[in-house]
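The values are calculated or read from the model by the stated rules, or taken from the named source; none is laboratory data. Bear in mind that the values here come from a model prediction, so they are computed numbers and not experimental data. For neighbour counting, all protein chains shown are included, and Cβ atoms are generated from backbone atoms with ideal geometry for every residue, glycine included. For accessibility, only protein heavy atoms count, side chains too; no ligands or nucleic acids. Shrake-Rupley method; radii C 1.70, N 1.55, O 1.52, S 1.80 Å.
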Amino acid sequence: MARSAPAISAFTSGELSPRLEGRVTLEKYQSGLSDLTNMIVLPHGGTTRRPGTEFVGEVKASSVKNRLIPFQFKSDDTYILVFGEQTMRVIRNAQQVLDSTTKNISAVTKASPGVITSNSHGYSNGDEVFIQSVVGMTELNDRNYLVANSTTNTFTLTDLFGSAIDSTNFTTYTSGGTINKIFEVATPYPETDLPNINFAQSADTMYLVHPSHAIRTLTRSGHNNWTFTSASITGSPSPGLTGTDNFPSTVSFFEQRLVFGNTNNNPQTLWFSKNGAHLNFTVGTNADDALIYTIASNTVDSIRFLSATRVLTVGTSGGEYVVTATNDGPLTPTTTLIRKYSNYGSAKVNAVQVADVTLFLQRGGRKLREFKFVGNVDASGYQAPDMTILAEHITEGGIEAMAFQQEPDSIVWAVRNDGTLLGLTYRREEQVVAWHKHVLGGVFGSGQAVVESIATLPTDTGNDELYMIVKRTVNSQTKRYVERLKTFDFGADTTAAFFVDSGLSYSGSATTSLTGLYHLEGQSLSILANGASHSAKTVSSGGITTDFNVTSAAAGLGFTSSMQTLRLESGSVDGTSQGKPKRIHAVTVRLHETVGVEIGTSSSSVERIPFRDSSMAMDAAVPLFTGDKEIEFTGGFDEDQDRIYVQQTQALPLTVLALFPRLNTFDI
């Protein structure tokens, strides 16, 4: 019998394919996992629980699949644009932007339904409004409603589930109160066209393209002042950029030129505007003139994406090209050079840029490739290795959207076709390429919650923002909510921790009543109260009642974070330990700022590690723990007793830096 104590000191290979279960001598095997769910691989080597998501608001119509598009004017002035069925709403600082027209409330009855008086309000039935600053009947404040039974000066309200607001038992209205519609602007794009919109932005103007719609410009003049117009192309380029069902599919900026690509009639053609004149396509031979270039290939390879770095990368259905100048100077009509460097072909998903690398999805939607410069452009040029080769299972079903969150941990996020959120911790300089998957709290029908769209916004705070649209069944209705991933750094204790999904937080005077949870009506919530785990509560009339007074809380849908090692390989007296009965009799887990972890050999066989000791006050939260915890395993000898499973089910943090098992292997 051999005794061993292997060290699992890094998890930088992330979740690996089941097909690698036999590759125990592979270097990546030693830092890989068989499961990594709702956990993120840190570039330093450890793995940490992902934060929860904060509820921002419901889309205009939850019956329609929406799409998020980021808009950045400055790093401290950013927006998320929510495109629905021929409408667009705006989110700023994780709040829905309101219309600039404010109406005053002069009276509210205590009735079923309550009647609101607001002279000449101008609202129509079905308008979504936001009410605030009511004195007396404060139950109406800080909530979205739908207008019903509208007359010239009065109307009633329904909640977003369609139930009339009964104000009979509300506090008596005293005075004040304002109403604003949720700001929105009409667009030409129906639901079916939203996935194929491409965009490029310069300052306050965004250019949007779709093969069936004329080129549009979207101009921001204020938080609630946005204008769509048809772009006025000058110069009469040939082939043309306008015509019924014959508009560009891709767009980018490159060297002060606006670049369009792929119309239905000319799928391999690129149009470069005049330098500095983005809508002028007058061609010529002068250095700043516009130019038109059609890629020559043996097959008709439509352009799928444009990615501008030091060069312009062009992804087509049949291969990947690079646009440069023959003299290593700026691009001109007489110096343009387009070379093909790979033949993988690209999917209809926008590529993402990470430093000087373009990550693109291969045709077929499953393989993520890293298009990078590897040497002399005339010799080795560019390569496109497969980033999913060791985790091909994780993209099964295909990827339909991607976004890059640079800070704090350089993660490429992706939406899988089944609604699972995927993450790739990507730090090439440290050789970290680690996949992880994320299943959000709640359900849709009889299955998991479905992530449908993602977008990221940069910030100056060290935590870039990830927004998403999540589809769930709530109160027996289909709901699509915009949510924002909370920041990874929650502070020095657990009072501000946020590990619930579609949740809200509270900080204020002591109370047992947590309100504002109308979007989760009828749902059982996971709760963190005063930094400690609280028993689950079900939302009724938009609120929950805690078992004790709280001054800080986070409440939302719970989720489980888990990680499981591959089969341990620690050797034996006569060679490998694989295929031999073995027993893990103890594990030391090295933790960082953690409370409440469970550990065992599988999800059905775990024990909770105690963190509270006799010196701690029972009515105070357990302090964050950093250090080693040891747990004994009680199982017998078994060929399957060679994995370690770690999970967190409470609304508390978990960071695992290393695992140090001690096991015995029986040589047969």
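Share of the chain's accessible area from carbon and sulfur, percent, 1.4 Å?
Of all accessible area on the chain, carbon and sulfur atoms account for 46 percent.
Please work out the C-alpha center-to-center distance from the range 227-298 to the range 30-73 and express it in whole Å.
About 36 Å separates the Cα centre of the range 227-298 from the one of the range 30-73.
Which whole-number value in Å² is the accessible area per residue of the range 343-446, probe 1.4 Å?
Result: 39 Å² of accessible area for each residue.
Dimensions of the range 3-72 along principal axes (Cα, Å, largest first)?
That gives 61, 26, 25 Å along the principal axes, largest extent first.
Taking N as the number of residues in the chain, what is its alpha-carbon radius of gyration divided by 2.2 N^0.38 Å?
That ratio works out to 1.07.
Considering only Cα-Cα distances, which of the following residue pairs are longer than 23 Å: K340/K367; K274/K372; K60/K103; K580/K629?
Flagged as over cut-off: K274/K372; K580/K629.
With every protein chain kept in place and ligands, DNA and RNA left out, what is the accessible area per residue of the range 450-538? Probe 1.4 Å, answer in Å².
Roughly 36 Å² per residue, with all protein chains present.
Identify, among N265, A214, A277, the residue whose Cα sits farthest towards the positive end of the charge dipole of the range 198-297, taking +1 on the Cβ of Lys and Arg and -1 on the Cβ of Asp and Glu, with the dipole about the Cα centre.
A214
Report ³J(HN,Hα) in whole Hz for each residue of the range 53-69, in order, from the Karplus equation J = 6.51 cos²θ - 1.76 cosθ + 1.60 where θ = phi - 60°; Gly and Pro get x.
10, 9, 5, 9, x, 7, 5, 4, 10, 6, 7, 10, 6, 9, 9, 9, 10
Could you check the simple spin-label distance between T227 and V64, using points 7 Å along Cα→Cβ, in nm with one decimal?
Taking the two extended label points, one gets 2.3 nm.
Using θ = phi - 60° and the Karplus relation 6.51 cos²θ - 1.76 cosθ + 1.60, list the HN-Hα couplings for the range 621-631 in order, rounded to whole Hz, with x at every Gly or Pro.
5, 5, x, 4, 10, 10, x, 9, 10, 10, 9
Compute the distance from the alpha-carbon center of the range 158-219 to that of the range 324-371, in whole Å.
One Cα centre to the other: 34 Å.
If you take every residue apart from F55 with its C-beta less than 10 Å away from the C-beta of F55, what net charge results, scoring Lys and Arg +1 and Asp and Glu -1?
-3
Lys/Arg Cβ at +1, Asp/Glu Cβ at -1, dipole of the chain taken about the Cα centre: which of L368, L528, P248 is farthest positive-ward?
P248
Provide the net charge surrounding N275, with neighbours chosen by a C-beta distance below 11 Å and charges set as Lys +1, Arg +1, Asp -1, Glu -1.
Around N275, the charge tally is -1.
Taking the solvent-accessible surface of protein heavy atoms with a 1.4 Å probe, what is the per residue accessible area of the range 232-307 in Å²? Don't skip to the answer; put the middle values down first.
On the way: 3210 Å² over 76 residues.
On a per-residue basis, 42 Å².
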